[in-house]
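I have placed the structure first, in the form of structure tokens, so that the comments after it can refer back to it.
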Amino acid sequence: MTTIDLTGKKILLTGASDGIGKGVADFLMRMGAQVAIHYNTNRASAEALAVKYNNGSKPFQSNLANEEDVYKLFEEVEEYFGTIDTVILNAGIFLKHSTNKNTSDWLSVWKKTLDVNLNSVGLLTKLGIDHFKKQGQGRFIYIGSRAVFRGETEEYLAYAASKGGVTSLARSVARSFGKENIKSFVVSPGFTRTQMAEQFIEVYGEERVLNEIALNELTTPQDLAPLIGLMCSGLMDHATGATIDVNAGSHIR
Ligand SMILES: NC(=O)c1ccc[n+]([C@@H]2O[C@H](COP(=O)([O-])OP(=O)(O)OC[C@H]3O[C@@H](n4cnc5c(N)ncnc54)[C@H](OP(=O)(O)O)[C@@H]3O)[C@@H](O)[C@H]2O)c1
């Protein structure tokens, strides 16, 4: 069994109630970390994770589309944990808005996507930097996307742009705050089997997705979790600023 010792680590993980976040939260707790299990709508899932490990991990609700909610989330977690070792920016939405739509509908999806996928991430980064400076250390792990490097289809321009922003932010944080003992990493997944991906598979079929990758099976959240655990552990701090692809060989840079 994979083992990375995360005993005593306190981690804020956004979007921990489903998909990649849920798989990662489960892994981090199994390795001994206490996790602030952030969710938006799926309270039952976040609570089930907390109950499963019963180790001081706790659910926190926040709609990251609302600025006040973002502040509230960080404040509540800071108060509960005292010290936060790592902030994992995982929550995200993947909304279609073809350029064939009328412009105002297209723009409303653009704004919604940027609010959740980038603006909340920017604000949590600022709050995290303030917190990490006070305590003299900290780590950010940003969940980007293969879309940043390969480009997306025309239906997902906002999504691709938001993840480009996240990736660039993460790299700049690594360069700007390394001397203050703040590290920053990007994990860049390809297609990963979650409900976000299922929506795409429903429309385009699993064969199309399997044909794109080098391996035989679609990536699952469990395939991403050990890398994220290693990043949280401090064992790979000298890779700060790095973007690590986990895309089953579908896009090799
Ligand atoms: N799946 C893929 O193929 C893939 C590929 C590349 C990158 N990614 C990235 O990986 C991350 C996780 O994706 P996933 O596939 O695991 O997605 P998912 O299964 O749809 O889960 C999304 C998570 O984000 C939360 N969330 C959604 N909207 C929110 C909002 N307005 N406020 C707060 N939380 C919100 C959800 O909370 P509730 O369920 O509680 O509402 C849920 O926990 C995303 O950043 C995504 O862009 C995914």
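Keeping the other protein chains in place, figure out the carbon and sulfur percent of the accessible area of region 82-132, with a 1.4 Å probe. Accessible surface attributable to carbon and sulfur in region 82-132 totals 56 percent.
Report Rg(Cα)/(2.2 N^0.38 Å) for region 1-86, keeping two decimals. Let's see the in-between values first.
Details: Rg = 12.1 Å, N = 86, 2.2 N^0.38 = 12.0 Å.
Expressed relative to 2.2 N^0.38 Å, the Cα Rg reads 1.01.
Rounded to 0.05, the FRET efficiency of the SER172 and VAL246 pair, given R0 = 25 Å and the Cβ-Cβ distance, is 0.70.
Each listed q (0.11, 0.13 Å⁻¹) maps to a log10 I(q)/I(0) for region 1-150, found by the Debye formula over equal Cα scatterers with no solvent: -0.44, -0.60. A Cβ-based charge dipole, computed about the Cα centre of region 1-49 with Lys and Arg at +1 and Asp and Glu at -1, lands at about 80 debye. Amide H contacts of ILE88 (H built 1.01 Å from N, in plane; Pro and chain starts excluded): LEU12, LEU13, THR14, ILE141 sit under 5 Å, all sequence-distant by 5 or more or on other chains.
Distance between the modelled labels on GLU217 and GLU68, one decimal in nanometres: 4.6 nm (7 Å Cα→Cβ projection).
Leaving ligands, DNA and RNA out of it, report the carbon-plus-sulfur percent of the accessible area of region 137-231 at a 1.4 Å probe. Intermediate values should be presented prior to the final figure.
Values: 2020 of 4170 Å².
Result for region 137-231: 48 percent of the exposed heavy-atom area is carbon or sulfur.
In the chain, the inverse of the mean reciprocal separation of distinct Cα atoms equals 18.3 Å; this is its Kirkwood hydrodynamic radius.
Ordering 2-11, 164-173, 99-108 by mean Cβ neighbour count within 10 Å, with the highest value first, yields 164-173, 2-11, 99-108. A 1.4 Å probe run over the protein chains yields, for region 159-216, 51 Å² of accessible area per residue, whole-number rounding.
For region 1-49, would you read off the P(r) tail past 13 Å as a percentage of all alpha carbon pairs? Result for the distance tail: 51 percent. With a Förster radius of 30 Å applied to the beta-carbon distance between LEU123 and LEU210, the computed FRET efficiency rounds to 0.20.
Inter-label distance, GLN195 to ARG43: 1.6 nm, where each label sits 7 Å from its Cα along the C-beta direction. Taking Cα centre as origin and charging only the Cβ of basic (Lys, Arg, +1) and acidic (Asp, Glu, -1) residues, the dipole magnitude of region 1-110 rounds to 420 debye.
Kyte-Doolittle mean at least -1.0 and Cα extent at least 15 Å along the axis: which DSSP H helices of the chain qualify? Don't skip to the end; give the middle numbers.
Working: long enough: 19-30 (17 Å, 0.49); 43-53 (16 Å, 0.11); 67-81 (22 Å, -0.88); 103-114 (16 Å, -0.36); 120-135 (22 Å, -0.08); 157-177 (30 Å, 0.42); 221-233 (18 Å, 0.82).
What comes out of the filter, once short or polar helices are dropped, is 19-30, 43-53, 67-81, 103-114, 120-135, 157-177, 221-233.
Relative contact order of region 198-253, taken over Cα pairs closer than 8 Å and 6 or more residues apart, is 45 percent. The string of couplings for region 143-148 from the Karplus curve (6.51, -1.76, 1.60, θ = phi - 60°) is 8, x, 6, 4, 4, 5 Hz, one whole number per residue in order, with x for Gly and Pro.
Over 26 Å apart at the Cα level, from the set LYS72/LYS179; LYS58/LYS134; LYS22/LYS101; LYS9/LYS111; LYS112/LYS183; LYS72/LYS163, are LYS72/LYS179; LYS22/LYS101; LYS9/LYS111; LYS112/LYS183. Projecting the Cα atoms of THR125, HIS251, ALA214 onto the charge dipole of the chain, computed from C-beta unit charges around the Cα centre, puts THR125 farthest toward the positive end.
Overall, the chain carries a charge dipole of about 600 debye about its Cα centre when +1 sits on the Cβ of Lys and Arg and -1 on the Cβ of Asp and Glu, all other atoms neutral.
The values are calculated or read from the model by the stated rules, or taken from the named source; none is laboratory data. Just so you know, these numbers come straight off a predicted model, no measurement behind them. All Cβ positions, glycine included, derive from the backbone under ideal geometry; neighbour counts span all protein chains shown. Note: accessible area is taken over every heavy atom of the protein model, side chains too, but ligands, DNA and RNA are not part of it. Shrake-Rupley method; radii C 1.70, N 1.55, O 1.52, S 1.80 Å.
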